[in-house]
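Below you'll find the structure, written out as structure tokens, and then a few comments.
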There are 2 protein chains.
Amino acid sequence: MLARYVLLLSLFSSLALSDDQDSTASLLREKALQSNRGWEIVESLTTEVGPRMAGTAADKRAVNWAKALLEKAKAANAFDSVWLEPVTFPVWQRHREQARVVSPYPQPVKITALGYSGSTDGEISAEVIAFPDLASLQEADDALVAGKIVFINQPMYRHREGAGYAEVVPNRYAAGTVAKQKGAVAALIRSAGTDSHRFPHAGVSSRTENPLPAAALSVPDAQQLQRILDRKETLILALDISVSEQPGGESYNVIAQIDGRVDAQKVVLISAHLDSWDLGTGAIDDGAGVAITVAAAQLIGELPQRPKHTIRVVLFANEEQGIWGAKAYAKAHHDELKNYLFASESDFGARPVWRFDTANSALMKKAMPHLAVLNIEEGGEASSGGPDIKPLLAEGVPVFRLKQDGTDYFDYHHTADDTLDKIDAEELKQNIAAWAVVAFLAADMD
Amino acid sequence: MLARYVLLLSLFSSLALSDDQDSTASLLREKALQSNRGWEIVESLTTEVGPRMAGTAADKRAVNWAKALLEKAKAANAFDSVWLEPVTFPVWQRHREQARVVSPYPQPVKITALGYSGSTDGEISAEVIAFPDLASLQEADDALVAGKIVFINQPMYRHREGAGYAEVVPNRYAAGTVAKQKGAVAALIRSAGTDSHRFPHAGVSSRTENPLPAAALSVPDAQQLQRILDRKETLILALDISVSEQPGGESYNVIAQIDGRVDAQKVVLISAHLDSWDLGTGAIDDGAGVAITVAAAQLIGELPQRPKHTIRVVLFANEEQGIWGAKAYAKAHHDELKNYLFASESDFGARPVWRFDTANSALMKKAMPHLAVLNIEEGGEASSGGPDIKPLLAEGVPVFRLKQDGTDYFDYHHTADDTLDKIDAEELKQNIAAWAVVAFLAADMD
């Protein structure tokens, strides 16, 4: 039904709009909606590589997988060049993470260590002291906190744009650091997640010297600890967290390019990140983005002629632990950034795009007839192009955003449950259609 | 809104029905819908005891918890007696359970050992051979299976009455046994579950001498293995399962009784099971049943006078590993079973009751006006009274059933995700109202 509606509308828009750009955008959109390529890409990445945390052997396999994928498309003339650019970073890994209530009610609880957490060096036990948020911890008397396990139990609310994340993610970044300043022995946070399943949500914390052990509890486990504390009981928790950090990690930004036929120096950069956390197979974060941007670019690369300007697809290394690949890219390409027309990233799952944001009114005007067919509304100026675009935005590169429905994104984000079954193949096609249209029009404008 | 509707309807039914039994049943129903006691019971059990696998220290705490709960109610005259009856069984426990794809695509997969599984004695690696169901495994050439890890990948369908479970649970019982007969080194099943989350579903398998290691994969992990196999690749899996079985486990059926005022020898037995699997906190399986039946009986015990016949609440020991408590009860009480009026168990979660089944037309006629108010429809003969009622049913004890909506029961059943947040307090009240009405009327009939 939706497909028929889309076809009718697209027929109408083909008649209403007449220039070559519009015909090409319509064609791209229709091809994207009929192609299974995006699904094949994310199915392949999540199955044949699976979890691919930066600096691990699996990350190396992911780089090889991406290089092979893009080179195969280049061999079919969809890309003009494919290359790797090195990225270095410390390799943080988890080895063991266990927690249990020692008293008053012995039972295991589900945790996962935060990125750049420290280790407990064997099991430690201490009293738990809870805070409703980071500010309350910051304001707390050090004497109350010293020697204890800090527990920040702040719920995250559900929101289409994921607005709840910004409220709670500071807990993840700073709980360990603030707890350490106050003499605590470890820090726990309620997961930055909107689900009610026993999956702790991983994620990076601020990287410091000699960090405290810091971990996230699943939402039901955070609620369980709170119920015990609500009984005015002294809650003793045992933690056994073993992690390691080694210098000298290396990975690669994997890049493919379609050279512009009029001015190849002018670049539209579309991107995703190739790495994932280690718990799930990185389907929505960010296998979906890899599939969306690569499939969209391939469709453009398969057109009879190149767009006027260059389209570059960048699959960034190590986004998860602090956009290491994006920073390396911005540094390496600093002198050319003035030539960038646009940059954007798909890194918010695979639900339908519902809004297009750009400050460029010409692009907005060109794109909207095609995007409206895909149920995408006209937005305003894009305040962000995605996490890996931050360093480019800071250098003045214009950004656009194809905003996805993130209502359930933080149900799965950074958990073991981020697996292929969470992606809807039809919704993925809508994303690819939107990206193909916008990337093409952005690159083909005068 | 629902509450107002229920009150209006109950007012109407109070006017329409006039005898004392009906007034009492209406009163019980209204009290149940207004009382928070059921929630308090299941909140207490899942928080203060948590997981309580038969024969463990936590199971002992559960018995003490239940005894204290019932004795407190007895002290308030809601029960006339509270006692324990011993149950013995072997103590099976899991110590370690890990699995990973060795080749072609190295990655961890989520498993949980099945009850009465054997150990691998360190990590073993072998090729995986998949079957769509148990029958296909049974029919397979032994030479194809020998030395391999058997994998039965049968999906379970969603159904209000949980009908999909009967189709797949034979895989759980028999996969290990059949695989061993054919010379396999281990057996895996796709979890008997309807969710798409990375929680393997525990559950008992047939207890045999020197069992094979046998485990359940979460549904997404089963799908992942199938995707690898669909590539016609040789899939090598490593398994590390360490479990133990010790003789001499002991627990207790915990029992409370309201003596009938006319003939105390005539008994209506209502029940739940106190044990749970070890992964979750046993909220829907079967903390809910404990809360429902105890709260319902307490409401009856708080009436100004006892019903004509006895109501006995039995919280059975070790249901999960083969209704050990129920078998012990049927044996110990064999000679009195002829006096049992009815027996039933609540062991299917906490979603609303939607149907009442009994072959006793007098009870049906008495109960239905009250149950209809609770949106419960008239059913037919009850084919089961619940898992722990089987031995009583086999001895000819009449059973009734208050059928709950089990549409999502097997999303959580036997997983780490069976926690308190999966219970809706209002739905729990509806259950208690239904049980209070039916247990009272069943015990008060002439």
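The values are calculated or read from the model by the stated rules, or taken from the named source; none is laboratory data. Keep in mind the model is a prediction, meaning the values are calculated, not measured. When we count neighbours, we look across all protein chains shown, and the Cβ atoms used for this are built from the backbone with ideal geometry, even at glycine.
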Strands (runs of 3 or more DSSP E) contained in the stretch B:219-326 and holding at least 1 residues within 14 Å of chain A (Cβ to nearest Cβ) and closer than 30 Å to residue B:22 by Cβ: none
In the stretch A:36-60, the residues that are more than 8 Å from chain B (Cβ to nearest Cβ), in a helix (DSSP H, G or I) and surrounded by fewer than 24 Cβ atoms within 10 Å (Cβ to Cβ): A:37, A:39, A:40, A:44, A:60
Filter result (of a type in the set (S, T, N, Q) and closer than 22 Å to residue A:418 by Cα) within the stretch A:65-96: A:93
Odd one out for residue A:102, checked against (1) free of Cβ contacts under 8 Å to residues at least 40 places away in the same chain; (2) within 14 Å of chain B (Cβ to nearest Cβ): (1)
One residue from A:443, A:367, A:350 being more than 14 Å from every other protein chain (Cβ to nearest Cβ), crowded, with 20+ Cβ neighbours inside 10 Å, under 17 Å from residue A:290 (Cα atoms) and of a type in the set (A, V, I, L, M): A:350
Residue tally, condition modelled with pLDDT under 95 and within 27 Å of residue B:164 (Cβ to Cβ), over the stretch B:406-446: 0
Any chance residue B:376 is closer than 30 Å to residue B:194 by Cα, surrounded by 22 or more Cβ atoms within 10 Å (Cβ to Cβ) and touching a residue at least 60 places away in the same chain (Cβ under 8 Å): no
Any hit, the stretch B:255-265, residues being crowded, with 22+ Cβ neighbours inside 10 Å, within 21 Å of the chain's Cα centre (by Cα) and either within 20 Å of residue B:347 (Cβ to Cβ) or modelled with pLDDT of 95 or more (or both): yes
The stretch A:387-440, subset basic (Lys, Arg) and in a helix (DSSP H, G or I), residue nearest to the other protein chains (Cβ to nearest Cβ): A:422
Filter result for residue A:253 (touching a residue at least 60 places away in the same chain (Cβ under 8 Å), outside the structural domain of residue A:123 (by TED's automatic domain parsing) and farther than 30 Å from residue B:279 by Cβ): yes
The stretch A:407-421 - residue that is buried (at least 24 other Cβ atoms within 10 Å of the Cβ) and among the charged types (D, E, K, R) and, of those, farthest from residue A:360 (Cα to Cα): A:417
Condition met for residue A:436 (more than 30 Å from residue B:218 (Cβ to Cβ), more than 21 Å from the chain's Cα centre (by Cα) and of a type in the set (A, V, I, L, M, F, W, C)): no
Residue count for the stretch A:108-120, restricted to those that are out of contact with any helix residue (DSSP H, G or I) (no Cβ under 7 Å at 6 or more places or on another chain) and touching a residue at least 24 places away in the same chain (Cβ under 8 Å): 8
Scan of the stretch B:131-165 for residues that are under 22 Å from residue B:208 (Cβ atoms), of a type in the set (Gly, Ala, Ser) and not in a loop (DSSP other than H, G, I, E, B), ordered by number: B:135, B:136
Residues (in contact with a Lys or Arg (Cβ under 8 Å, 6 or more places away or on another chain), part of a loop (DSSP other than H, G, I, E, B) and either under 25 Å from residue B:38 (Cα atoms) or of a type in the set (A, V, I, L, M) (or both)) located in the stretch B:351-382: B:374, B:376, B:382
Among residues of the stretch B:178-218, those that are surrounded by 22 or more Cβ atoms within 10 Å (Cβ to Cβ), away from every other protein chain (no Cβ under 14 Å) and part of a strand (DSSP E or B), counted: 7
Output for the stretch A:236-261, where each listed residue is closer than 14 Å to residue A:185 by Cα and among the β-branched types (Val, Ile, Thr): A:236, A:241
Filter pass, residue A:308 being out of contact with any strand residue (DSSP E or B) (no Cβ under 8 Å at 6 or more places or on another chain) and at negative phi: no
Near pairs, Cβ below 7 angstrom, 6+ apart or cross-chain, from the stretch A:327-355 (without any contact (Cβ under 8 Å) to a residue 60 or more places away in the chain and more than 16 Å from residue A:255 (Cα to Cα)) to any residue that is assigned to a strand (DSSP E or B) and not hydroxyl-bearing (Ser, Thr, Tyr): A:355/A:377; A:355/A:403
Where a residue in the stretch A:45-58 is closer than 19 Å to residue B:225 by Cβ and its partner, wherever it lies, is acidic (Asp, Glu) and in a helix (DSSP H, G or I), with Cβ under 7 Å and at least six apart: A:52/A:59
Hits in the stretch A:59-70 - residues which are hydrophobic (A, V, I, L, M, F, W, C) and free of Cβ contacts under 8 Å to residues at least 12 places away in the same chain: A:68
Cross-chain or 6+ apart pairs with Cβ under 6 Å, the stretch A:157-174 first and more than 24 Å from residue A:137 (Cα to Cα), then surrounded by fewer than 20 Cβ atoms within 10 Å (Cβ to Cβ): A:160/A:405; A:160/A:407
Residue check, residue A:306 under 27 Å from residue A:204 (Cβ atoms) and either of a type in the set (S, T, N, Q) or in contact (Cβ under 8 Å) with a residue 24 or more places away in the chain (or both): no
Condition met for residue B:269 (assigned by TED's automatic domain parsing to the domain that holds residue B:417, within 30 Å of residue B:340 (Cα to Cα), touching a residue at least 24 places away in the same chain (Cβ under 8 Å) and within 20 Å of the chain's Cα centre (by Cα)): yes
